[in-house]
Amino acid sequence: MDQFSDRYPSWATVSRIAAAVLGGYGLSSAWVVLWGAMQASKVEAILAGVQTSFVLYVAAVIWAFAPVPLGRVWGVLLTAVVALLGAAMLLSVVWG
């Protein structure tokens, strides 16, 4: 565990719950945006993104409660969201 979890175990649990809910939502939303930017048929692309985003949400929830340091959980989730949104922005600029 890390120092934050050792000193404030209840706040660490709240932070992990927030990472699971908010991080999972952000990750799955960024995934849908990426899918929408990838294909010309927006409706089908967004539908496929929504259908597959549930897997990412569950993975984010499991990762949030994995026995890894809390900072790494937040870091991985935020980095993944920023990377997916950056890729979506790049694809929308390239493919217009």
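Here, each number is a calculation from the coordinates, and none is a lab measurement. Here the structure is a predicted model, which is why all the values come from computation and not from measurement. Cβ: placed from backbone, ideal geometry, glycine included. Neighbour counts: every protein chain shown.
Descriptive notes on the structure:
- Here the relative contact order of the chain, from alpha carbon pairs under 8 Å that lie six or more residues apart, stands at 39 percent.
- Once the Cα atoms are used to define both axes, helix 9-18 deviates from the longest principal axis of the chain by about 10 degrees.
- Angle in degrees between helix 42-64 and the longest Cα principal axis of the chain, rounded to the nearest 10: 10 degrees
- Estimated FRET transfer efficiency (residue 17, residue 50; beta-carbon r; R0 25 Å; 0.05): 0.55
- Answer label, with P(r) over Cα pairs in 5 Å bins from 0, in percent calculated from the coordinates and candidates (1) 2, 11, 15, 13, 11, 9, 9, 7, 6, 6, 5, 3, 2, 1, 0; (2) 2, 15, 21, 19, 15, 11, 8, 5, 3, 1, 0; (3) 2, 10, 12, 12, 9, 6, 6, 9, 10, 11, 8, 3, 0: (2)
- Helix-only CD estimate at 222 nm, as mean residue ellipticity for the chain, using -39500 (n - 2.57) per DSSP H run (n ≥ 4): -27000 deg cm²/dmol
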